[in-house]
1. Skip the ligands, DNA and RNA, and give the accessible area per residue of segment 789-830 with a 1.4 Å probe, whole Å².
2. Considering only protein heavy atoms and a probe of 1.4 Å, how much of the accessible area of segment 732-833 is carbon and sulfur, as a whole percent?
3. Mind ranking 503-509, 110-116, 47-53, 33-39 by how tightly packed they are, going by the mean number of other C-beta atoms within 10 angstrom, highest first?
4. Classify segment 519-595 from the C-alpha gyration tensor, please: rounded if a/c falls under 1.5, else prolate or oblate depending on whether a/b exceeds b/c.
5. Keeping every protein chain in place, order R312, R394, R237 by accessible area at 1.4 Å, biggest value first, i.e. largest first.
6. In segment 21-175, what percent of the accessible surface is made up of carbon and sulfur (1.4 Å probe, ligands and nucleic acids excluded)?
7. By the gyration tensor of its Cα atoms, with a ≥ b ≥ c the square roots of the eigenvalues, what is the shape of segment 79-145: rounded for a/c under 1.5, prolate for a/b over b/c, or oblate?
8. Give me the 1.4 Å probe accessible area per residue for segment 424-482, excluding ligands and nucleic acids, in Å².
Amino acid sequence: MSIRWQRLLVAGCLIAAPTTVGTAPETTPTPSREFLNTYCVTCHNQRAKAGGLMLDTLDVTNVAAAAPTWEKAVVKLRAGLMPPAGARRPPQAAIDGFAGSLEAALDRAAEAHPNPGRTEPFHRLNRAEYQNAIRDILSLEIDAGALLPADEVSYGFDNIAGVLKLSPLLTERYLNAAQKVARLALGTPAPPSGDLYRVPDQLDQDVRLEGMPPGTRGGIRIDYFVPRAGEYDIKARIGRGIDYDIPHFIGEQTLEISVDGERVRMFTLPATPDDDLNIERQVFRAPGTARPRNVRVDANGDAIPDEAALKRRTLDDNWAFRIPLQAGTHEIRATFLMKTDAVSEGFRKPFLKPYIGRGPTDARETREGASLRSLEIMGPLNPGGPGESQSHKRVYVCHPASAQGSGEASPARAGEAACAKTILTKLARRAYRRPVTEGDLKTLLDFYGAGRTAGNFDTGIELALQRILVSPSFLFRTEFTPVNVAGTDVYRISDIELASRLSFFLWSSVPDDELLDLAVQSKLHEPAVLERQARRMLADSRSQAFTANFAGQWLSLRRLPDIVPDPFLFPDYGDTLALAFQKESELFFDSVVREDRPASDLLDARYTFVNERLAEHYGIPNVKGVNFRRVELADDSPRRGLLGKGSVLTITALPNRTSPVVRGKWVLQNILGAPPPDPPPNVPALEENGNQISKTRTTRERLEAHRANGVCASCHKLMDPIGFALENFDAVGKYRQFDENYQPIDNSGVYADGSRIDGLTGLRQVLMNHSPQFLANLTNTLMTYALGRGVEYYDAPAVRAILRDAAPQHHRLSSLIVGVVSSTPFQMRRVES
């Protein structure tokens with residue numbers, strides 16, 4: 001052993017190295033200045049200023065004085081990014097030892113001066129939380145996206161308090177939303193209104209869709225809320241071409257419409273006569289007209305109106321009917337009956353997504369037949385009473401027997417007031433997420449009285465409900481500093497505030513009665529009670545919101561509907577595949593939570609979830625049908641873990657090709673939590689091949705030329721090897737051996753720590769080697785989402801404590817979630833300075 005290594009051992013670098021991120025070091029020596037001078041200061045000094053970092057000016061015996069800098073250094077060391085490839089690098093044990101000593105010193109400093117951070121005192125409900133809160137308070141499913149604008153995003157999430165402001169325009173939207181929600185919940189009589197449901201153009205209409213009966217294809221499924229019993233008109237429209245013509249089909253097309261599983265109407269589109277199929281047609285645009293019209297060419301070659309085509313436009317004009325519906329939610333489905341061709345369609349179906357023709361009359365034609373364009377529902381007509389919908393039952397916990405007029409005070413009116421007080425107390429307690437005060441009730445009863453005077457009991461309740469839904473106590477989660485802790489640095493938040501933090505973290509909604517009761521009794525903060533409640537809530541179906549909102553944003557799944565790959569390069573891609581990508585990833589993440597699996601399974605799990613369409617895309621055999629099922633993967637399968645999922649691979653690609661840079665950056669940022677710095681201004685874009693017929697360059701060759709610029713090289717040598725390892729997946733996640741230029745793919749590279757990467761298998765092994773940093777980043781991300789604020793350097797000691805406590809449970813994802821809930825930043829708050 002060399003003298004230098006003996007000195008490093010004596011300095012404690014190797015002795016302090018933890019075996020896992022969750023194992024607290026037995027000794028906590030001071031970080032070694034010799035290690036720092038040997039491997040770090042050579043670049044990060046006052047002269048070179050590499051990365052703007054000057055470590056020669058920092059005192060390793062007092063890390064608290066520069067805690068933000070040292071925490072960043074820990075991340076780089078744990079991720080294997082420093083010292084960089086090509087620089088002098090000690091064994092990994094020495095790096096881990098130095099990082100461990102830094103962490104221990106930082107943790108000691110944090111223990112002496114705890115800082116739980118400070119959340120915003122006002123935290124507005126975002127759109128998803130508003131929708132879920134209405135569901136849980138009123139038993140009413142609404143589409144908040146139709147009522148409220150999209151929320152701002154910060155730190156990767158749309159629940160960050162700092163950007164959830166309330167503008168005058170948004171206030172107006174909330175007022176309108178409260179009006180509509182209250183009327184729907186109570187079944188208030190209103191003029192008939194219509195709802196139009198459009199079928200996405202790229203949704204496959206040739207196969208049975210999930211939720212549809214066997215023997216059908218395409219269509220749409222709607223959970224339609226009927227606020228008041230009455231008659232409703234339902235109208236279906238067939239997909240058309242750009243000249244508004246219904247395409248021609250050899251066989252007749254039959255559309256079935258059902259309500260709550262019972263067929264209520266069938267419509268048939270007759271087959272096109274053979275004579276009409278053989279007519280030569282062309283588009284003729286008359287001078288000065290905005291819309292082309294169909295014409296025929298007569299024997300003399302002159303254009304004459306095509307009466308058959310004009311008549312075909314009206315074939316679905318009478319596809320409408322009226323049906324009585326009771327108050328409540330009804331499942332309405334419109335779908336075509338599947339018909340089997342006598343001759344195999346294999347040679348006529350070159351693509352896997354719906355054929356969208358490029359001609360004027362076939363722009364919505366599918367391979368099997370007609371497609372559904374839209375379904376419109378109008379009502380109520382001839383409305384009856386409000387009935388007994390779930391929302392009506394939830395509101396009216398009592399029913400006073402009284403006159404409906406205004407009139408003078410009477411015992412009956414007194415009975416109404418008592419019932420109104422009971423109703424509003426129950427609603428406000430759930431909506432405000434705390435016990436209701438006399439002041440709260442007085443305000444609500446004043447609104448009730450104004451409505452009762454202008455109308456009847458129901459009018460009063462509706463006006464008071466509107467007031468609840470625009471109250472700051474409903475729209476905002478508030479956390480104010482108590483008077484009795486003024487002058488102290490930190491304090492524990494109340495159990496009422498803790499209940500809201502917990503419910504919005506795991507359910508994106510209001511606390512239920514059990515959680516709120518424990519908070520009122522001041523028992524929720526007790527460690528055993530809090531953990532039991534967190535695990536109960538994770539097991540509840542409402543925790544699906546955690547998967548949809550946390551995983552959907554962390555993994556960028558919400559971007560999938562906006563991804564539009566080049567249709568000429570990727571003709572198989574469509575909404576059906578995009579939805580399958582998203583559902584696969586959600587089911588996969590949800591399984592790790594619900595099956596209480598180690599969080600590292602997100603990187604390396606040997607299973608996934610597919611249906612027939614996705615299995616065909618992945619090349620997985622023996623999977624049939626539209627329903628998703630769990631499939632086990634081989635050890636060498638490229639689909640293991642998150643990096644093998646089509647969703648991740650598609651959102652990290654460009655519309656026309658892959659991008660090793662984008663994919664590499666995504667892994668560094670979302671998996672390791674060590675994003676590269678933003679590129680400097682005026683960096684030239686990657687040179688494309690253009691329309692060259694020969695001498696095309698591969699993506700690797702073009703990136704190597706790009707890295708010749710010294711300004712670009714430092715970041716690209718971190719990102720590119722990761723991205724090259726994923727080059728066997730094209731821009732829509734399909735596995736391949738050759739790139740878009742028909743060149744063999746070279747997926748090899750060298751990670752920043754010197755580890756060799758050979759494709760996804762090699763990259764997965766590198767990430768597993770640095771799984772402690774992945775776990776730390778995942779916990780950081782969970783903390784950001786749970787707190788509604790960005791995680792700062794002073795939160796890092798709490799993150800390490802969570803990981804140490806979760807180590808005996810093998811860092812199961814549930815243990816990380818419980819650790820976040822039990823942590824100091826989640827339960828405490830800093831007084832405003």
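1. Numbers: 1370 Å² over 42 residues.
Dividing the accessible area of segment 789-830 by its residue count gives 33 Å².
2. Numbers: 1830 of 3830 Å².
The C+S portion of the solvent-accessible surface of segment 732-833 is 48 percent.
3. Numbers: 503-509: 24.6, 110-116: 15.1, 47-53: 12.1, 33-39: 17.3.
Output ranking for 503-509, 110-116, 47-53, 33-39: 503-509, 33-39, 110-116, 47-53.
4. On the way: a/c = 4.83, a/b = 3.43, b/c = 1.41.
In terms of gyration-tensor shape, prolate.
5. Numbers: R312 20, R394 85, R237 50 Å².
If we order R312, R394, R237 from most to least accessible, we get R394, R237, R312.
6. Here carbon and sulfur together make up 55 percent of the probe-accessible area.
7. Values: a/c = 4.68, a/b = 2.30, b/c = 2.03.
Prolate, because a/c is 1.5 or more and a/b exceeds b/c.
8. On the way: 2320 Å² over 59 residues.
Ligands and nucleic acids excluded, the result is 39 Å² per residue.
The values are calculated or read from the model by the stated rules, or taken from the named source; none is laboratory data. Quick caveat: nothing in here was measured; it's all calculated off a predicted structure. Cβ atoms come from the backbone with ideal geometry, glycine included; neighbour counts cover every protein chain shown. SASA here: full protein model, heavy atoms, side chains in, ligands and nucleic acids out. Shrake-Rupley method; radii C 1.70, N 1.55, O 1.52, S 1.80 Å.
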